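Data block below; observations after.
No value in this document is a laboratory result; all are computed from the given coordinates. Keep in mind that what you see is a predicted model, and the values were worked out from it rather than measured. Heads up, the Cβs are rebuilt from the backbone with ideal geometry, glycines too, and the neighbour counts pull from every protein chain shown.
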Amino acid sequence: WSENRQRIQIERTSEEGTLRELLEKDKAREYERLEREMNGLRSNFEFQTGAEKRWMEEFMREVGYRNEWICVFKPAMAARRAPRQDAPISRRIMFDEVVKAKG
């Protein structure tokens, strides 16, 4: 009986060791896969942001964009001193009013 229990314990320990090795290999493989995917996504993102910057520069140059905005809220939009819901209102911008933005 004790021999049988000891044999089962030895088998269990060897199987656990094998499972640990497999899990470690799988973990390393998964980290490598994630790193490859992140590098691919990073280059795509940099390409997209570069294309968007070029498009904006061309748009600003060709259209003569003056950073003016038209209010589309009816009857008016509340402009606040700070970007918070409870900030004091500095002015009301009426519908169809053209506002020049700073910056």
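Observations on the model:
- Gyration tensor (alpha-carbon) shape descriptor, the stretch 5-102, a/c threshold 1.5: oblate
- For the stretch 78-103, the residues whose backbone nitrogen is under 17 Å from a point 7 Å from the Cα of Val72, taken along Cα to Cβ, are 78, 93-101.
- Estimated distance in nm for a label pair at Gln6 and Val63, the labels positioned 7 Å out from Cα along Cα-to-Cβ: 8.4 nm
- Amide hydrogen neighbours beyond the local backbone of Arg80, cut-off 5 Å, H modeled: Ser90
- Förster radius 25 Å - calculated FRET efficiency between Thr49 and Arg29, Cβ distance, rounded to 0.05: 0.20
- Cα long-axis angle, helix 2-63 against the chain (0 to 90 degrees, to the nearest 10): 20 degrees
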